[in-house]
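Here's the structure, in structure tokens; my notes come after.
Please treat every number below as a calculation from the coordinates, not as lab data. Since this is a predicted model, take the numbers as computed values, not measurements. Cβ placement follows ideal geometry from the backbone for every residue including glycine, while neighbour counts extend to all protein chains displayed.
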Amino acid sequence: MTRSADLPRSSSPELPADTPWHAISSAEVLAALAVTKAGLSDAEAARRLERYGPNALPEEARVHPLRRFLAQFHNPLIYFLLAAAIAAVALSHAVDAIVILAVVIVNAIVGFVQEGKAEESLNGMRSLISAHAVVQREGRRQSLDVTDLVPGDIVLLEPGDRVPADLRLLRARGLAIEEAALTGESVAAEKQEDAVASDAPLGDRTSLAFSGTLVAKGQATGVVVATGAGTEIGRISGMLQAVPVLVTPLIRQINRFSHQLTFTILGASILLFAFAVLVRGFVWDDALIAVVAVAAGAIPEGLPAVITITLAIGVRRMAARKAVIRKLPAVETLGATSVICTDKTGTLTRNEMTVRHVFTASRSLEVAGSGYAPQGAITQEGATEEGIDDAAAIMEAAPILRCGMLCNDARLAEEAGEWSVTGDPMEGALLALGMKAGLDHVHLSVEWPRVDEIPFDAAYRYMATLHRGPDGEHVVFVKGAPEAVLALAGPQDDPARWDMLSGKAARLGERLLGFGMMRLEPRERLRVEDLEGLTMLGLMGFIDPPRDEARQAIAECRSAGIAVKMITGDHIETARAIARQLDLADDPVAMTGAELESLSDAELEEVVGGVSVFARASPEHKLRIVRALQARGAIVAMTGDGVNDAPSLKQADVGTAMGLAGTEAAREASQMVLLDDNFASIVAAVHEGRTVYDNLRKVIAWTLPTNGGEAMLMVLAILLGFTLPMTATQILWINLVTTVTLGLVLAFEPPESEVMQRPPRRANASLLSPFLLWRVIFVSILFTVLMLAVFFVAQARGEDIATARTLVVNMLVVAEIFYLFNVRYLHMRSLTLRGALGTRAVLLAVGAVLLAQLAFTYLPVMHDIFGTQPVSLLDGIILILLGMVLFVVLELEKWVMKRLDWFEELHA
């Protein structure tokens with residue numbers, strides 16, 4: 001490349017970012033860019049490259065792995081645990097310190113691994129830009145690295161090319177570009193070189209070709225009007241970078257809970273230490289180890305790890321249901337989802353065009369089936385009435401069916417029972433329709449060989465093919481936009497019927513194609529002027545059909561109090577028709593992107609809750625919709641598959657990308673990826689998310705009272721001046737053994753029966769609901785009473801302090817086991833056969849704890865480490881009976897709350 005110092009002064013034009021390139025003529029575009037159709041000179045291209053920079057998206061700064069690992073420790077509860085470990089080391093309690101540090105480090109490693117993959121959204125977008133482009137410079141064709149393109153370069157496009165930059169088309173012949181990843185349109189967009197309205201939405205800017213989209217057919221020449229960050233994809237990339245990383249409801253709740261618990265324990269520990277030294281006369285180091293024992297009992301040191309493991313188990317369950325979680329807290333956030341914003345094409349629909357109606361001069365036919373499989377009946381409208389002959393109707397419609405199959409360049413193929421199309425999706429639908437009627441495409445092609453054709457062109461909006469018929473006659477078949485085909489029809493065709501049918505199809509949200517034919521004198525060439533006076537064969541209405549399972553999934557969402565909103569780049573009537581078919585709402589209210597733009601953020605926030613369908617939506621619209629819903633307090637899950645979805649996927653509380661048809665940019669911007677591109681899978685994931693949250697609450701409802709009982713017992717001992725009923729080492733033994741068994745087993749609990757009949761929980765709902773707070777206090781008191789009773793009775797019997805402490809430890813473990821069976825059901829009674837039998841995981845955990853306690857109680861080596869003594873069989877039976885009493889009391893508490901209508905109120 002020429003050095004910039006050797007170049008003459010730049011004549012590169014200023015390019016305002018808001019230039020409406022689609023709305024001005026080709027000549028004006030070339031003049032504004034100071035370029036001719038021969039292209040730029042190499043010297044001018046070098047100047048512009050220096051001025052505008054390479055045609056590439058900016059790199060996003062990566063977070064260093066060490067910084068990400070250290071961030072796992074940024075939590076008040078972790079700080080307090082580390083301080084407790086340091087205190088334990090200073091007081092020569094190495095076992096206590098090792099246990100605490102092990103829990104902290106394991107929790108950090110799990111978090112680091114789960115969240116280790118950095119954001120790759122911009123890299124995903126970068127992969128959409130082709131490596132090379134064919135350009136014209138100085139009148140010569142050249143192949144250039146795509147990063148070297150500059151505004152003003154003349155680019156040539158062929159089928160299969162990926163558009164390398166945003167282009168204003170100068171010449172387009174039969175050009176169709178797949179823009180689904182950018183606009184959400186399910187069929188390739190037809191392009192032409194004429195200017196369009198300046199306020200045309202993105203999907204209607206037919207004079208532009210956008211960077212990263214794919215040329216489906218035709219040829220074109222265009223001039224580069226934007227590169228790199230200035231392209232439509234670049235603009236979306238900037239929006240994506242500006243979206244902050246959201247903190248999930250669970251993380252907010254855990255952070256709030258950690259702060260509250262940490263400062264509560266810290267304040268109580270300081271007061272307790274002062275009381276022990278100043279009032280009770282403790283030596284300061286004895287007082288400090290006593291306070292550490294209290295803190296060890298109060299701090300649920302295993303809770304962060306158990307929460308992480310609970311979420312990881314949810315990840316595994318969701319993976320079995322075709323939903324892969326990329327970011328761990330998203331598992332729980334799904335359970336709080338109150339609104340699902342979903343793209344239409346490929347998510348609610350199959351992204352496969354299907355003919356739904358065939359209209360001839362005298363008949364209206366309905367077509368069943370979906371996709372490209374040639375299965376489905378063709379019947380007359382009103383086929384349930386007597387005297388209607390479907391076979392006769394199909395016979396009458398044979399000319400239009402034949403026209404659809406012959407005026408066609410697509411091919412259908414079947415593999416393992418799945419049908420797919422090569423070529424235009426609408427042409428594939430025509431082949432499937434003909435096969436449903438019993439026609440054979442190969443046989444027709446032999447019987448009616450093609451002689452010549454006029455390819456589709458956006459300038460005249462139709463395709464025509466010339467065929468030699470079975471009797472040697474020459475016949476032209478034409479298909480295209482209804483108004484274009486009708487304009488070629490002779491005076492014998494009455495446009496009134498076709499206008500009426502067009503209106504009917506529009507109300508059904510169907511795309512229309514018109515079909516015609518005419519006979520010609522034998523010839524070898526077909527010209528446009530030969531087509532005047534053709535006979536109108538009829539119209540066909542196409543639709544991208546809804547997924548069969550989507551309706552059921554949406555019904556389940558509605559029963560669970562979850563609103564579903566369709567956000568699509570498609571036309572409003574098409575979107576509204578799909579919404580009605582899916583029963584998206586009782587009376588789906590629709591809004592266009594243009595209407596949305598006229599609203600302020602505050603106005604949008606007011607109306608967004610009542611709108612079910614947003615049509616012709618741009619990336620900015622999707623982002624505004626998600627933010628408006630979040631401003632109303634909603635927890636938003638956003639599904640999508642295109643580049644245009646990436647910013648809103650990242651903004652949403654749970655961005656959900658399609659794994660099969662989705663772009664890499666969409667997947668990397670999301671917290672969850674659906675492997676089967678099935679909307680029903682997100683509903684299954686919500687079900688699992690609610691189960692995970694229930695299980696998290698069960699873990700907390702079990703963990704905090706056990707820690708609370710330990711702490712309360714130790715505090716009373718210090719306040720009242722009697723011997724500590726347990727040592728700090730014994731407390732850590734209990735916490736270590738029971739947390740990794742009894743506490744963890746709750747993470748495997750199956751869903752409760754009514755999990756999808758409850759409304760979503762509030763976004764600001766506390767992790768400690770009134771019910772859980774009551775449970776923590778109530779059960780802590782019960783545990784404390786039981787342990788004090790056992791301790792004082794043992795001392796009254798003359799048992800030594802080691803035996804009394806051993807009985808207290810075993811009483812606490814027995815109480816935790818019976819409480820586990822009670823807490824397995826938070827929304828129903830546990831005193832049932834199913835509740836008593838437990839699950840395999842519960843029984844294994846209980847067995848493991850019992851074995852550990854037998855070792856703790858009877859092995860001599862454990863006596864030396866923990867200061868324990870063996871207990872009698874009778875004492876063990878008494879402890880079990882006391883545990884049964886505890887279970888009955890807690891079941892009575894549930895029953896009383898239900899009888900007094902407090903239960904649901906406390907659960908809110």
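What to note about this one:
- Length, then width, then depth: along the principal axes, the Cα atoms of region 794-835 run 43, 13, 13 Å.
- Anchor K565: lysines whose Cα lies under 28 Å away (excluding residues fewer than 8 positions away in-chain): K322, K327, K344, K504, K622, K650
- Taking 16 Å as the straight-line reach from the Cα of K217, the lysines in range (excluding those fewer than 8 positions away in the same chain) are K191.
- Note on region 303-368: with charges restricted to the Cβ of Lys and Arg (+1) and Asp and Glu (-1), its dipole about the Cα centre is near 180 debye.
- Selected from Y462, S559, T839, residue furthest toward positive end of dipole (the chain; charges at beta carbon): T839
- Nearest-20 debye value, the chain charge dipole, Cβ charges on Lys, Arg, Asp, Glu: 2760
- Using alpha-carbon coordinates, inclination of helix 42-52 to the longest axis of the chain, degrees: 30
- Pairwise centroid distance, computed over Cα atoms, of region 714-776 with region 871-890, Å: 20
- Each Cα pair under 8 Å and six or more residues apart adds its separation to the average, and for region 457-508 the resulting relative contact order is 25 percent.
- For region 793-883, trypsin sites (Lys or Arg not before Pro) meeting the loop criterion (DSSP other than H, G, I, E, B) and having at most 14 other Cβ atoms within 10 Å: R797, R829.
- All alpha carbon pair distances within region 769-908 were sorted into 10 Å bins beginning at 0; the resulting P(r) in whole percents reads 11, 36, 32, 16, 5, 0.
- For region 154-217 versus region 402-452, the gap between their alpha-carbon centres in whole angstrom: 26
- Working ranking of peptides 516-522, 152-158 by packing, defined as the average number of other Cβ atoms within 10 Å per residue, highest first, is 152-158, 516-522.
- Selection from V779, C341, V135 lying farthest towards where the dipole of the chain points positive, charges on Cβ: V779
- Taking each DSSP H run with n ≥ 4 as -39500 (n - 2.57) and averaging over every residue of the chain yields -15000 deg cm²/dmol at 222 nm.
- In region 354-543, taking the dipole from charged Cβ atoms about the Cα centre, the farthest positive-side position among G369, A505, G472 is held by A505.
- Site pair Q260 and S92 shows an inter-label distance of 4.1 nm when each label is modelled 7 Å from Cα along Cα→Cβ.
- DSSP-defined antiparallel bridges as percent of all bridges, the chain, nearest 5: 80
- Net dipole in debye of region 769-908 [+1 Lys, Arg Cβ; -1 Asp, Glu Cβ; about Cα centre; nearest 20]: 400
- Charge context of L596, other residues only, Cβ under 14 angstrom, K/R +1, D/E -1: -3
- Relative contact order of region 354-543, defined on C-alpha pairs under 8 angstrom at six or more residues apart (%): 22
- Residue-by-residue Karplus 3J(HN,Hα) for region 510-525, coefficients 6.51, -1.76, 1.60, Hz, glycine and proline x: 9, 7, 10, 10, x, 10, x, 8, 7, 9, 10, 5, x, 7, 10, 10
- Across region 354-543, counting alpha-carbon atoms alone, Rg and Dmax equal 16.0, 49 Å.
- Its Kirkwood hydrodynamic radius, worked out from the mean inverse distance over all distinct Cα pairs, puts region 710-766 at 15.2 Å.
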